[in-house]
1. Out of the residues in the stretch 218-230 that are open to solvent by less than 80 Å² (accessible area, probe 1.4 Å) and free of Cβ contacts under 8 Å to residues at least 60 places away in the same chain, state the one that is nearest to residue 413 (Cα to Cα).
2. Would you pick out the residues in the stretch 64-96 that are in a strand (DSSP E or B) and either open to solvent by 60 Å² or more (accessible area, probe 1.4 Å) or among the polar types (S, T, N, Q) (or both)?
3. Could you grab me the full set of residues in the stretch 103-149 that are assigned to a strand (DSSP E or B) and aliphatic (A, V, I, L, M)?
4. For the list (1) surrounded by 14 or more Cβ atoms within 10 Å (Cβ to Cβ); (2) at pLDDT 95 or above; (3) out of contact with any helix residue (DSSP H, G or I) (no Cβ under 8 Å at 6 or more places or on another chain), I need the number of the one condition that residue 50 fails.
5. Scan (1) closer than 15 Å to residue 45 by Cα; (2) among the aliphatic types (A, V, I, L, M); (3) not in a loop (DSSP other than H, G, I, E, B) for the single condition residue 156 breaks and write down its number.
6. Quick one: is residue 293 modelled with pLDDT under 95 and either assigned to a helix (DSSP H, G or I) or surrounded by 22 or more Cβ atoms within 10 Å (Cβ to Cβ) (or both)?
7. Would you mind telling me which numbered condition in (1) in contact with an Asp or Glu (Cβ under 7 Å, 6 or more places away or on another chain); (2) buried (at least 16 other Cβ atoms within 10 Å of the Cβ); (3) assigned to a strand (DSSP E or B); (4) not acidic (Asp, Glu) residue 181 fails?
8. Return the pairs, sorted by first residue and then second, in which the second residue is of a type in the set (Ser, Thr, Tyr) and not in a loop (DSSP other than H, G, I, E, B), the first residue lies in the stretch 43-63 and is touching a residue at least 12 places away in the same chain (Cβ under 8 Å), the beta carbons are less than 8 Å apart, and the residues are 6+ apart or on different chains.
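The values are calculated or read from the model by the stated rules, or taken from the named source; none is laboratory data. Bear in mind the structure is a predicted one, so any value in this text is a computation, not a measurement. FYI the Cβ positions are ideal-geometry reconstructions off the backbone, even for glycines, and counts take in every protein chain you see. Only protein heavy atoms, including side chains, enter the accessible area calculation; ligands, DNA and RNA are left aside. Shrake-Rupley method; radii C 1.70, N 1.55, O 1.52, S 1.80 Å.
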Amino acid sequence: MNAPKPMLSVAEALEILLTAARPITGTEMLATMDANGRILACAQTSQINVPPADNTQMDGYAVRAADCASGSATLRVSQRIPAGHVGQPLEAQTVARIFTGAMIPSGADAVVMQEVCEAEKRDDGDYVTVRQVPQVGEWIRRAGEDIRSGSEILKAGQRLRAQELGLAASVGLARLEVVRKLRVAVFFTGDELTMPGEQLKPGAIYNSNRFALRGLLQGLGCEVTDFGIVPDTLTATRDTLRRASEEHDLIITSGGVSVGEEDHVKPAVEAEGRLNMWQIALKPGKPLAFGEVNRNGSQDTAFFLGLPGNPVSSFVTFLLFVRPFILRLQGVQDVGVPSYQMRADFDWPKADRRNEFLRAKINAAGGLDLFPNQSSGVLTSTVWGDGLIDNPPGKTIARGDTVRFISFRDLMA
C-alpha cells in the first residue's frame, strides 16, 4: 500500500499556484471615469506639475512678509483673486484678498489667515490690519508639491480604486489602458442542489456556494459565466468543461472533486486535461484541485480550480488561494494582504495539526471574540465575523495572547 502524500502547507500550495499563473495579455482603453476596480495595464506618468502653480491653502490675504513684520500692519487691499483667476503682481505695502486654491500673485511670498486679520472700509478703499508676523511660504502650496512633471504616478498592475482614479484625473488623464476582464466560468455538480425559490425536497440543500462564489468573483472584477447546476454524470460534466474552456481563462467548481461513484469532476478534468489533487494542511478547506482543461483544436488551456463543497471551506479556500491566483492572472504582482497583531479575548485550548483559520469579530474593547461554532458548514460565521485568525499548526490560544488577524475587508479588496 502506498503511503499517503504529506499535506501541503498553505504557503507551499499558494506558491505553486502563483508560479503556475500566466497573466492574461489582452487590454482595452477605458474612460478614467469608468475604470473603477480594473487593473492598470501600463505605468502612467504625469505631464504636468500638481499643483501647476503656487496657490493658497486657505482663504486669507496674500502678502509680502516683510510688509507685516510689525505684527500689526495696516495695508491696502489692492485686488481680489478667486480660485481659477490670475491676479496682478502684488505692489509693496498692499495685500491681495485671496481664496482657497487661487494662484499666488507674483511679489507675494506668504498668506495670512483671514481669522488673524481685521478688515475695514475707508473712503479711499478697503484696508486690512494683519495681526501676525507671517513666515515666508506660510500657507502656500508650491507648484509640483504633490506631483512633479515626468514622474510616475501609477504602476502597471495596480487595481484602480477611487484614490487612483482621482490621481489620474488630477494630471489630466481622461483614458486609461486596463487589463481586459478575466473570463471565469463556474458550474456546480450535485443532484441535491436546489436554487432559492424552488421547493426544498427531502435530502436537498440550497446552493449557497453559487451565490457566494459569483459575488466574490464579481468583486474581483471578473466577467463571470454561470453554467449552473450540472447533472451528476460524467458525460454532462465533460461536456460542460469543454464548453467552458473555449471562451474562459479559468473554470471554478465547488464540490464533487472526490473519488466517490457520484463525484464526476475529477475523472472529467483528467479526461479533458490534467488535474492535481492536493491535501492542504488547512482548516477549514483541506481539499483543493488544480489543473488545466484543453481547448479543442488548440494547444492552449483554461485553468481549473476545484473548491471544497462545504460553504465555509469553499469561502475560505477562495480567499486564501483563488483570490491571489486571480490577481496574479490579472497582472497584479503584490497579491498579499495585511495582517494585524491583535489580542485574543477567548481560549482555544485544543491545537490542530493543520493551519486553522478561525472566524472572529473585533469587540468594543479592541480584542477579538471567536464565533462559538467553527464548523466548516456554519456560513453564519462568515457574516458575523470581521475576518480570520491565522492560527499556526499545533498552536493553542489563551485569553490575552497576541494572534495574527486578517480582515475580510482586505481579503475582498
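1. The extreme case among them is 224.
2. If we filter the stretch 64-96 for residues that are in a strand (DSSP E or B), which is where we start, we get 73-81, 94-96.
Once the filter is applied, which keeps residues that are in a strand (DSSP E or B) and either open to solvent by 60 Å² or more (accessible area, probe 1.4 Å) or among the polar types (S, T, N, Q) (or both), the stretch 64-96 yields 74, 76, 78, 79, 80, 94.
3. Taking the stretch 103-149 and keeping what is assigned to a strand (DSSP E or B), we get 103, 110-113, 117-122, 125-130, 140-141, 147.
Answer for the stretch 103-149, where residues must be assigned to a strand (DSSP E or B) and aliphatic (A, V, I, L, M): 103, 110, 111, 112, 113, 119, 128, 130, 140, 147.
4. (3)
5. Every listed condition holds for residue 156 apart from (3).
6. On the way: modelled with pLDDT under 95: no; either assigned to a helix (DSSP H, G or I) or surrounded by 22 or more Cβ atoms within 10 Å (Cβ to Cβ) (or both): yes.
For residue 293, the condition - modelled with pLDDT under 95 and either assigned to a helix (DSSP H, G or I) or surrounded by 22 or more Cβ atoms within 10 Å (Cβ to Cβ) (or both) - is not met.
7. Condition not satisfied by residue 181: (3).
8. 50/170; 62/56
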